[in-house]
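Following this message is one structure expressed as structure tokens.
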Amino acid sequence: MNKIEIIHNPFTVDTQFRINGQAPAASCKLSSYTESRLQLWVEDLFSELSELFNQDNNFHIVFQGVESDFLDVQEAAHDAIANGMQVELVWRESEPADQRLKKIRDLIGEANEHPTFKRFIEENDEARQSIEEAFNRDFDVYVVATMSSGKSTLINAMLGRDLLPAANEATTATLARITDNDQKPDHFTAKRFDRSGQLVGEEEKADQELLKEWNQLADTQLIDIEGNIAAIQERPDVRLVLTDTPGPNNSQDEEHQRTTMGFVQDSKRNPLILYVLNASQLGTNDDRNLLSLVAETMHKGGKQSKDRFIFVVNKMDVFDPESGEHPSQVLSRVKQYLIDNDIHSPLIYPASANLTRLIRKPQDQHTRKERGDFRSMADLFSEEESMNLLQYMPITEKVKRSLQQRNLSPLMLSSGLPAVEAMIDEYIDKYNVPHRLKRAYDALMRAIEVGLNEAELIEQLGQNERQLEQLNEEIEALQQRQKMGFDTAAYKGKLEREGKTLPPETEQQLLELEATADPFLRKLEARFDKQQKPVKVNIAEMRVQEAEETLQFHHKKLINAYENLFNSTQDIVRKDLEADYQRYIANIFLESEHLDLPILEGIKKTVADISFNLNVKANDIQEKKVVIGSRPVKDSKWYNPFSWGRKKTVNEYGTESYVDLGALWEDRLTHIETEFSKLVQNARDEIEVGKNRQIDQFVAFMTDEFDLKFAELLDSLKEKATDREAREQAIAEAKELHTWIENFKTNLDSTLAI
């Protein structure tokens, strides 16, 4: 039997493989997985092993890591066994992520108390921001659905009270963000923000009527709610933020539509999406558009891109097995429906949110109708074994243990929603906490690197007199070269004149996005075939409305894709400028290479550590939002150019009996193509602006800060090299700092070790 050992560290994103006691060859596919998150390769693991061993499919695997990762390996092993392989799997357990997060928090507290080391964090925007984000407790869950899915009922069930209005028209007009706060066990506070982001309403004890009223106000942008989400246990390091999103085709606010789509498309943060389906009503046009976006997003990544979409099949209580509507048949239809929409192996969770809601709602607060509904559902779910929805769910052993520990009633478990809530906890453990630990670890390691470079530089001042004389001469030479500009002016001038071309990755993605419009329009054109006979007005209206919604959806999807590309391009350009900076520093010291002075390498490293903090700031992001702004285009906003208008179609053809669909399409095609071309050009222009802004910031740093910081370093070194007392004190302090940092690094590494 082939023996495989896998040690996976999700916190440092490092994997070690041993194949029959030996590390795999560099050419082996497994070697390419060593720096990737397990969820990106685990589904291919056994097919790769089978190929490696020439179809000798007998494996004894020892996995060392955290439980959530082991469960993914176990799932892949089960699939392999089902395909005829023989697999033995052993797990060596590692410390859970939440315990490690507490240790990291303590280490950061220790770092911030050190008078010198904290400077290495504070002076680097990226490190400071990474640590702040790592310990931002908020975890986002977006609830997405089309009309009549029972989305508000589901959220109210999770809250343990009727807070969101249940009427569809009152709940889909705006964003409602609900933050878990166990310190408010008996009430929810609410704040209303208008479209300019200003706080315009505040209520200490919010209720349904207030939220319904706020939803219907035209200037409402966001309703921010805070209180105890009864279904979720707040943790010291994580608190849930539930966002009730508008439907993607909600006509009341186009920005909200695009925001909802953006949550789905966000493959960088990978937020958890609860996609609520109506078990009794599948196949709406709204669903098809949104599911196509989900499918596209799921295909882009590994297992995480699938795990982050939880499909909740709501309203299972409308089916009665005695009438021949067995839950398994309903779920088979749902699964096939998702497969037909290109979503394969979906995580499907049947639920009756209304039953969960009524169980959690105090019975003395039930209305007459609710009392009747509750009795009916309680009888159905208690008497019919097939209505125990838990049996149909793809839950892990960890989730099963979690549900057992909650001591829930059989009726509550049968309702299905508690399992969905437990899956949220598992996703946090599996992805969110390790990601946060990785960010904090990388930030601290960067600070450690800078601190060690600085300490080692000072320690190297302990040279003999001859070497100190040489050092003084070289510092003076560097100062003279600095006064002459190091060719800095020429370097800056070249950047200002020539700039930088867009990164090849950006150009490729721009071309790919640009190429999506034509095949999409050709496909849509087929619905308006010139060869068709003229159709009745009502059919023409229906075709036009469907086409308009589809065009709007595709246009918004492209806007979000361009915004994501803007942000990724900013990162690429920043890294490119950082590499330029390192090459520039190397050129400064070229003339010093003939000297055998290790301290010069230390100076070079320390100068290279000077942070120019070239990051995308919040105000930059606001500035680039011209991409999604508005300008006059006939009678509509530029990102809503397809207002063929349902009313317009009626007016145009209201006196005719039939409509020539081919002529209708041809009449509007030029305008549609023009608008897509404008979107492409505007997006390209704004990405170019963002790139140039980064270059301007870099040139400003070289002009205003670099020379000053470099001069300060040289002056400080020159003083220490010539003043024995100052030198000895600095060396002693540097040795002390060096020892502290090494101990700190040891503690940091042990905290994340597997």
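Derivation of every value follows stated rules applied to the coordinates shown; laboratory data play no part. All values derive from a computational prediction rather than experimental measurement. In this analysis, Cβ positions are derived from the backbone assuming ideal geometry, glycine residues included, and neighbour counts consider all displayed protein chains.
So for the pair Ala378, Arg333, with labels modelled 7 Å out along Cα→Cβ, what separation do we get in nm?
Result: 2.9 nm between the two label points.
Let me ask something else. Sort Ser345, Ser414, Ser305 by Cβ crowding within 10 Å, fewest neighbours at the top. The partial results should precede the final answer.
On the way: Ser345 14, Ser414 25, Ser305 17.
Least to most surrounded, the residues fall as Ser345, Ser305, Ser414.
Also, quick follow-up: If you line up the long axis of helix 488-498 against the longest principal axis of the chain, both from Cα atoms, how many degrees apart are they, to the nearest 10?
30
Here's another thing I want to ask about it. Given 10 Å bins starting at zero, what is the percent of C-alpha pairs of the chain in each, up to the one with the largest pair distance?
Per 10 Å bin, starting at zero, the Cα-Cα P(r) for the chain comes out as 2, 11, 18, 22, 20, 14, 8, 4, 1, 0, 0 percent.
Ok, one more. When all alpha-carbon pairs of the range 366-481 are counted, what percent fall beyond 19 Å? It would help to have the intermediate numbers written out before the result.
Values: 4727 of 6670 pairs.
Roughly 71 percent, once rounded to a whole number.
Give the peptides 84-95, 361-372, 195-206 in descending order of average Cβ contacts within 10 Å, highest first. Numbers along the way, then the final one.
On the way: 84-95: 14.6, 361-372: 10.7, 195-206: 12.6.
Listed from highest to lowest mean packing, they are 84-95, 195-206, 361-372.
At 0.36 nm per residue, and after removing the present C-alpha to C-alpha distance, how many nm does the segment from His187 to Ile539 gain when stretched out fully? Don't jump to the answer; show the numbers that get you there.
On the way: separation 352, 0.36 × 352 = 126.72 nm, distance 5.03 nm.
Gain on extension, His187 to Ile539, equals 121.7 nm.
Further, regarding this structure: Considering only C-alpha atoms, what is the centroid distance from the range 319-384 to the range 68-106, in Å?
32
Going by average Cβ neighbours within 10 Å, how do the peptides 501-513, 555-567 rank, with the highest at the top?
Details: 501-513: 14.5, 555-567: 20.0.
The most tightly packed comes first, giving 555-567, 501-513.
Something else now. Arranged from highest to lowest average of other beta-carbon atoms within 10 Å per residue, in what order do the peptides 119-128, 422-431 appear?
Values: 119-128: 17.3, 422-431: 21.0.
Averaged packing, sorted descending, gives the order 422-431, 119-128.
Rounded to the nearest 0.05, what FRET efficiency do Gln55 and Val318 give with R0 = 41 Å and r taken as the Cβ-Cβ distance? Could you check?
With a Förster radius of 41 Å, E is 0.25.
Still on this structure: Would you please give the FRET efficiency between Ser148 and Ile81, computed as 1/(1 + (r/R0)^6) with r the Cβ-Cβ distance and R0 = 51 Å, to the nearest 0.05? Write out the running numbers ahead of the final one.
Numbers: r = 41 Å, r/R0 = 0.81.
Approximately 0.80, to the nearest 0.05.
Over the chain, what is the relative contact order in whole percent, taking alpha-carbon pairs under 8 Å and six or more residues apart? Intermediate values should be presented prior to the final figure.
Values: 1000 pairs, mean separation 105.3, N = 754.
Relative contact order for the chain comes out at 14 percent.
Something else now. Roughly speaking, what % of Cα-Cα pairs in the range 303-378 are separated by over 21 Å, rounded to a whole number?
43
Give the separation of the Cα centroids, the range 444-477 to the range 37-58, in Å.
So the two Cα centres are separated by 49 Å.
Hey, what number do you get for the chain at 222 nm if only DSSP H runs of n ≥ 4 count, each worth -39500 (n - 2.57), divided across all residues, to the nearest 500? Provide the component values of the computation, followed by the final result.
Values: 29 runs with 412 residues, N = 754.
Taking each H run of at least 4 residues, the total per residue is -17500 deg cm²/dmol.
By how many degrees, between 0 and 90 and to the nearest 10, does the Cα long axis of helix 724-752 differ from the longest principal axis of the chain?
Rounded to the nearest ten degrees, it is 30.
Restricting the calculation to Cα positions, tell me the Rg (one decimal) and the Dmax (whole number) of the range 653-754 in Å.
Final numbers for Rg and Dmax: 32.7, 101 Å.
Cα-Cα pairs above 20 Å in the range 2-94: how many percent?
Values: 1124 of 4278 pairs.
Beyond 20 Å sits 26 percent of the P(r) for the range 2-94.
Can you sort Arg527, Arg375 by how many other beta carbons sit within 10 Å, fewest first?
Numbers: Arg527 14, Arg375 11.
Ordered from fewest to most neighbouring Cβ atoms within 10 Å, Arg527, Arg375 come out as Arg375, Arg527.
Using the 10 angstrom Cβ neighbour count as an exposure proxy, how do Glu296, Glu322 rank, fewest first? Write down the numbers at each step before the final one.
Working: Glu296 15, Glu322 10.
Starting with the residue having the fewest Cβ neighbours, the order is Glu322, Glu296.
Go ahead and run the numbers for FRET between Asp571 and Val90, Cβ-Cβ distance against an R0 of 60 Å, rounding to 0.05. Intermediate results must be reported in sequence, preceding the final value.
Values: r = 40 Å, r/R0 = 0.67.
Calculated value: 0.90.
Using only Cα atoms and rounding to the nearest 10 degrees, what angle (0 to 90) does helix 97-113 make with the longest principal axis of the chain?
Between helix and principal axis, roughly 40 degrees.
What percent does the relative contact order of the range 137-394 come to when contacts are Cα pairs within less than 8 Å and at least six residues apart?
Details: 464 pairs, mean separation 57.5, N = 258.
Contact order relative to length: 22 percent.
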